[in-house]
1. Give, rounded to the nearest 20 debye, the magnitude of the charge dipole that the protein assembly as shown has about its Cα centre when Lys and Arg contribute +1 at Cβ and Asp and Glu contribute -1 at Cβ.
2. Check the straight Cα-Cα distances from residue A:203 and name the lysines below 22 Å, setting aside those fewer than 8 residues away within the same chain.
3. Just order A:182-192, A:251-261 by mean Cβ neighbour count inside 10 Å, highest at the front, would you?
4. From the label point of residue A:385, set 7 Å along Cα to the beta carbon, how far off in nm is each other copy's matching point, shortest first?
5. Taking 7 Å along the Cα-to-C-beta vector as the label spot, tell me the residue A:146-residue A:55 distance in nanometres, rounded to one decimal.
6. Treat each spin label as a single point 7 Å out from the Cα along the C-beta direction, and report the residue A:170 to residue B:113 distance in nm.
7. Going 7 Å from the Cα of residue A:77 along its beta-carbon direction, which residues of region A:365-385 have the amide nitrogen within less than 20 Å of the resulting point?
8. Fewest Cβ neighbours within 10 Å first, please rank A:150, A:208 accordingly.
Protein chains: 2
Amino acid sequence: MNIDLEERMSRMELTGSPVDHGYYMPAEWTPHSRCWIGWPERPDNWRDNAVHAQRVFTRVAAAISRFEPVTVCASSAQWKNARSHLPEHIRVVEISMNDSWLRDTGPTFVIRNSLSDKEKLGRSKVAGIDWNFNAYGGEDGGAYEDFSLDLLIAHKVLEIENAPRFPQSMILEGGSIHVDGEGTCLTTEECLLNKNRNPGFPKVQIEDELKAYLGVKKVIWLPHGLFGDDDTNGHIDNMCCFVRPGVVLLSWTDDKLDPQYKRSLEALSVLTSEVDAKGRKFDIIKLHVPGPLYLTEHEANGLQQGDAKPRIPGTRLAASYVNFYIANGAIITPQFGDKKRDDEAAHVLSLAFPDYEIVRIEDAREIVLGGGNIHCITQQQPASP
Amino acid sequence: MNIDLEERMSRMELTGSPVDHGYYMPAEWTPHSRCWIGWPERPDNWRDNAVHAQRVFTRVAAAISRFEPVTVCASSAQWKNARSHLPEHIRVVEISMNDSWLRDTGPTFVIRNSLSDKEKLGRSKVAGIDWNFNAYGGEDGGAYEDFSLDLLIAHKVLEIENAPRFPQSMILEGGSIHVDGEGTCLTTEECLLNKNRNPGFPKVQIEDELKAYLGVKKVIWLPHGLFGDDDTNGHIDNMCCFVRPGVVLLSWTDDKLDPQYKRSLEALSVLTSEVDAKGRKFDIIKLHVPGPLYLTEHEANGLQQGDAKPRIPGTRLAASYVNFYIANGAIITPQFGDKKRDDEAAHVLSLAFPDYEIVRIEDAREIVLGGGNIHCITQQQPASP
């Protein structure tokens, strides 16, 4: 008997780009086989030894697991603790990490509908991009100093799944891109053109890499992300996302004195003047931000000192309702304890996604305290077409 | 859309024993879907920071991977190193461990041919037993003091594979049992009745647990394992194993002055007088041990001090040719640099397994130095029937 050829081939690192092999990144609403989530641990970013964050991550994982299989990745030190908190039907695997943002450190999954001519280089219909990573800026404003474990997460996930891997030397976090699955990518200049990511790369080269790796034809650049989202340098997934091709949700505020106003208006102007890869004008749905919310002294006091950037009481929190996760048949959305805005957001989402169940996660503030939200802690693995 | 019910159900811890659910442990020659191997690391058991052992483990993994998929488990600290040494088509997952004997710390996989009436408790045809473990004796002669990570290995493997898990509070290492898949279990009194394993358990209770968990009808007890196999207190897998139902290979020596002689003779006497679960008399094939081999001063000097039992130069090594692995279509067997015995063993094995390729692993002495051999470092996962 011989080894299963499919497995042997799938283990290979693929040369060339995903597009060379017929792969592209599907939209988040394309059916998933699984959702990947990390497990918060570091006490310099998650207050009170991460107990509150772990409670909310557990709630998110449990909510998503009603709609699709979920795997939570936890370090060796935390595996037993994670296993004991999470519902039994959620898979818990050991993957060590510096921090727990699987959106940014996990693989970006790509799919193909048929096998390419280069079938011999891998027969899987699902593969993953393993981007380079420098903890959101490296020495120039990065969120934490040591990201050596984060650099291995995507590779480890792909090994577990026996999925081919496309290594990419360009630094990119998954939270800085959104695609519509029909050729359009949304991103921000604030992040992707930041000199702390890929300083030698001109805009056109970054676009070329996105086209070759995500299979998109057009990149739409918003100038900035959300006000206060300094950790990520303005990831798109806190600012604007697709509902379906041609329709976007945009973080918004009616308060002209809020520094967010200028950013939202600027984005609105770009989106109004642009068309997508298929030539469609955008239908833009505004989603009002909560608050504004600020880090309290009590919250800041729960943090230990480490190699993470210190958090100062009174800092504006990067809270936004567009940072939701699209599960199979459900929208898993953050709630911030701002009753009026929470209800309003749930209502807007229910109109935008009429065929989806809207699942509201209370206390998502705990995730914002660490620098992101539900979309940032999740990574969808598309089902094999 | 709802979560895949099969996955949700497979994640459950099953109550009752494997036999209650129609499972049994198949013989090692039953087709495998995968082989699990650990990655040696601890410098107090693997000389020169485990570099030699890692080289030989890599050779074993590569040899097996010619016949079936292989997954190697490595700690967070070693994952990158393991990944760089192992061939690309071998899967490497992060699983931390105190030592690298997947035979003893991994799950014992069981299968069932049809779904039971209790289908609602799990629909998988492959499940795993998660035995209790105390590092070969705990405070009473255990091989190392801290085995907290080893206790989690089986559970972690089963999570990765989405296989139902049967936890067992009885202490048992997989290397202390062999089954023929037709109702017979081989083991040793030296190990299973040792007071450092399950002191409150009379022999009959241990037999009952083996029957309920492995699906065997009869347990055959050899008095002792191999001479010098003090680390494991005489595991059966260094002493005697099945070739097929009714046929066994027995570690042997012609040297009446070798302390091994008495042990082999004793075992021969038991095997000659016994019949298996189906009433068959045994056909017994003798397999002469190499050497005798002894730990050299140079080898001992390569060990660092830790919480592992110290190794004394001049100690007899527990080297035996029965400690091979049956892969899909191949026998992966240790070679010790004893030309005459190595050739003889390969010849005996080729006669015993005429339909298998005999793959000889040179330098297996490096594994013996750590206390086991090829069978001890591997764990087969049977294919779903």
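1. About 1340 debye.
2. Filter leaves A:195, A:211, A:217, A:218, A:278.
3. Details: A:182-192: 23.7, A:251-261: 15.9.
Sorting A:182-192, A:251-261 by mean packing, highest first, produces A:182-192, A:251-261.
4. Spacings between copies for this position, smallest first, are 3.9 nm.
5. For residue A:146 paired with residue A:55, the spin-label model returns 2.9 nm.
6. It works out to 5.6 nm between the two label points.
7. Label zone hits: A:370-371.
8. Values: A:150 22, A:208 14.
Ranked by crowding around the Cβ, least crowded first: A:208, A:150.
Taken together, the values in this text are just the output of simple stated rules run on the coordinates, not laboratory data. Keep in mind it's a predicted model, so treat the numbers as computed, not measured. Every residue, glycine as well, gets a Cβ built from its backbone with ideal geometry; the counts of neighbours run over all protein chains shown.
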